[in-house]
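Reading through the structure tokens given below for one structure.
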Amino acid sequence: MSKIVELKSVFAGYNNDVILNDVSFEIYDDDFIGIIGPNGGGKTTLLNVILGLIKPIKGSIEFFGDTENKNNKIGYLPQINQIDKKFPISVCDVVLSGLIYSSGIFYKHSKEDRIKVRETLEKLGICDLQNKPIGELSGGQMQKVLLARAIVSSPRLLILDEPNTFVDNKFEGELYEILVHLNKEMAIIIVSHDIGTISTYIKTIACVNRGLHYHKSNKISEQQLASYNCPIKLITHGEVPHTVLKTHNHILS
Amino acid sequence: MLEILQYSFITNSLLAAFFASITCGIVGTYIVTRRMVFLSGGITHASFGGIGMGYFFGLNPIFSAAVFAILSALGVEFLSKRTEIREDSVIGILWSFGMAIGIIFIFITPGYVPNLMTYLFGSILTVSGLDVWLMLALSVILILFFTFFYRLILFVAYDQNYARTHKIAVDLLNYILISLVALTIVLNIKVVGIILVISLLTIPQSIANLFSKNFRNIILLSIVISLVGVLTGLIFSYKINIPSGAAIIFSLVIFFGLAKATQMILSRSILKTKIQKILE
Ligand SMILES: Nc1ncnc2c1ncn2[C@@H]1O[C@H](COP(=O)(O)OP(=O)(O)OP(=O)(O)O)[C@@H](O)[C@H]1O
Ligand SMILES: [Mg+2]
């Protein structure tokens, strides 16, 4: 188990607003972290810092190379409101764009790249969509395409910002099964508002509300959430153990 | 009709029509899909400042306009990234500031200002040999650039942030592309004029977009549509003696109306036959 990223007392924000307040956080190779928190709490901002899209105002972020496989790729699925659906591009091309890493300077794609795209589309059951322009997709279909783009390069770290938005129940279940499977090869960070559903799949929970509280267990109670300054409701789906008030040995980092 | 080809101004204007279609077809597709139409309008009008200064200092207005346009394009690109000023306000300021500078310099230029109307309203019939050479050079650059970097341009235009997470030099690419946009605008000012150049960058693309949702095909279709539009406009302006720039835009808008109607009728009839099949 080796370290991928380390954030050391990071402060980050926009304009004059400090959104992330003194966040320290480490991500390891086999992590499967669920990020929860209220709207506007700073979850997307945290991901943007990790992705290098926002520079911290203070503090540091360090990446640790993978000496074994030389794979330092990050796969990323943005929150769907950040995507321009009118842009004239086909599903196949969107997924191919997840491989610009591997192409040379002129970014022509190889046969293997096309095969990888094909396999990824098959895995997610969306082969029939491959020639469609993205403007003609439903919200859930779009999510699957964005997921395909995120995983097509077999990244070392997979970052997903609310991948379950618009997705139907059937695919949501499949999605998490796929992620559990992928987690054998890559670390995963997933933002979700549905802690009830993801808690059975993830390994640890990070509560983000301006600050970050790392809960090294996949079970959490409302009391604990409140103590983390993270007042969100636990939505229960049938008999889920995490609603039972138990004490967990969690370590704050 | 053939004997008029002997005059060099006719050959020049036909060549200009051809290169205008290529440059506007490529760059316009980029502008429209990136939603940079307003920014392009700003660059266009800002370049009038360069034209005014060109007159005052006795330079070729096209060169001073090009410098002005590129600097303002790079400026907006830079400002909108570094500061928190709203981009559209910056563009609005630039738009009127460039026009103001142009008006001031033209006013203080002693004596008669030749061809001013050419820059404002365009006149494809007065395009010079130098203009044609410049447009040819730009066409070649654009074709090479968009061919070799097609996927890169497409992916960055579609989702900049994603490209950034893949360590692509997004900023560099954006600066290069915005400079090419500025050059395209300036070199096409002679053809349709400052006031109308934006329509040459958007109407063919809007027509093409009705029939294709593929970036490359929109480029190719736009080039053909522009060419047909510009030639139709030219013939009109020659036959009934109206300004060429306006005639070109007028024909393009008519084409757009026809295309929209055709597309609506076509898709309705396709839908109808599909419903028929389901009912049978
Ligand atoms: N580009 C931006 N410019 C200025 N402020 C921003 C920007 N993006 C986000 N913010 C602000 O930062 C705060 C945190 O936003 P962020 O998107 O990180 O929240 P989030 O936890 O992802 O919320 P959600 O659950 O709604 O996705 C919000 O108050 C938001 O208004
Ligand atoms: Mg968010």
Breaking point among (1) within 16 Å of ligand 2 (Cβ to nearest atom); (2) in contact (Cβ under 8 Å) with a residue 60 or more places away in the chain, for A:ASN164
(2)
Just a yes or no: is a residue in region B:47-67 exposed (fewer than 15 other Cβ atoms within 10 Å of the Cβ), within 14 Å of chain A (Cβ to nearest Cβ) and not in a helix (DSSP H, G or I)?
no
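Mind listing whichever residues of region A:154-166 are in a loop (DSSP other than H, G, I, E, B) and either crowded, with 21+ Cβ neighbours inside 10 Å or within 13 Å of the chain's Cα centre (by Cα) (or both)? I'd like the intermediate steps shown before the answer.
The initial filter retains those residues of region A:154-166 that are in a loop (DSSP other than H, G, I, E, B), namely A:154-156, A:162-166.
Within region A:154-166, A:PRO155, A:ARG156, A:GLU162, A:PRO163, A:ASN164, A:THR165 meet the criteria.
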Condition first: within 14 Å of chain B (Cβ to nearest Cβ), in a strand (DSSP E or B) and more than 16 Å from ligand 2 (Cβ to nearest atom). Now tell me which residues in region A:5-30 satisfy that.
A:VAL5
Go through (1) within 13 Å of ligand 1 (Cβ to nearest atom); (2) out of contact with any Pro (no Cβ under 9 Å at 6 or more places or on another chain); (3) at negative phi and name the single condition A:SER24 misses.
(1)
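Can you pull out the residues in region A:149-168 that are at positive phi and either at pLDDT below 90 or of a type in the set (Ser, Thr, Tyr) (or both)?
As a first pass, look at region A:149-168 and keep what is at positive phi: A:154, A:162, A:166.
Those that are at positive phi and either at pLDDT below 90 or of a type in the set (Ser, Thr, Tyr) (or both): A:SER154, A:PHE166.
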Grab the helices (runs of 4 or more DSSP H) fully contained in region A:31-150, keeping just those with 1 or more residues being surrounded by 20 or more Cβ atoms within 10 Å (Cβ to Cβ), more than 16 Å from ligand 2 (Cβ to nearest atom) and within 11 Å of chain B (Cβ to nearest Cβ).
A:91-96
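Do the conditions hold for A:SER199, that is, is it touching a Ser or Thr at 6+ places or on another chain (Cβ under 8 Å), among the small types (Gly, Ala, Ser) and more than 16 Å from ligand 2 (Cβ to nearest atom)?
Values: touching a Ser or Thr at 6+ places or on another chain (Cβ under 8 Å): no; among the small types (Gly, Ala, Ser): yes; more than 16 Å from ligand 2 (Cβ to nearest atom): yes.
Taking the combined requirement at face value, the residue does not satisfy it.
Would you check if there is a residue in region A:129-148 being touching an Asp or Glu at 6+ places or on another chain (Cβ under 8 Å), within 16 Å of ligand 1 (Cβ to nearest atom) and either modelled with pLDDT of 90 or more or under 24 Å from A:ASP93 (Cα atoms) (or both)?
no
Restricting to region A:175-196, name every residue that is charged (D, E, K, R) and within 16 Å of ligand 2 (Cβ to nearest atom). First the steps, then the outcome.
Here is the first cut: in region A:175-196, the residues charged (D, E, K, R) are A:177, A:184-185, A:194.
Selection gives A:ASP194 alone.
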How many residues, within region A:157-196, are within 14 Å of chain B (Cβ to nearest Cβ) and away from ligand 1 (no atom under 16 Å from the Cβ)?
2
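Going through region B:186-222 one residue at a time, which ones are in a loop (DSSP other than H, G, I, E, B) and more than 14 Å from every other protein chain (Cβ to nearest Cβ)?
B:GLY193, B:ILE194, B:ILE195, B:LEU196
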Only one of (1) under 26 Å from B:GLY42 (Cα atoms); (2) surrounded by fewer than 21 Cβ atoms within 10 Å (Cβ to Cβ); (3) not polar (S, T, N, Q) is not met by B:GLY193, so which one is it?
(2)
What pairs come up if the first residue lies in region A:181-196 and is more than 14 Å from A:LEU147 (Cβ to Cβ), the second is assigned to a loop (DSSP other than H, G, I, E, B) and within 13 Å of ligand 1 (Cβ to nearest atom), and their beta carbons are under 8 Å apart, counting only those six or more places apart or on different chains?
A:HIS193/A:GLU162; A:HIS193/A:ILE232; A:ASP194/A:ASN164; A:ILE195/A:ILE232
Kindly list the number of the only condition in (1) within 26 Å of A:TYR101 (Cα to Cα); (2) surrounded by fewer than 19 Cβ atoms within 10 Å (Cβ to Cβ) that fails for A:GLU174.
(1)
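The values are calculated or read from the model by the stated rules, or taken from the named source; none is laboratory data. These numbers come from a predicted model, not from an experiment. Cβ sites come from the backbone with ideal geometry, for glycine too, and all protein chains shown count toward neighbours.
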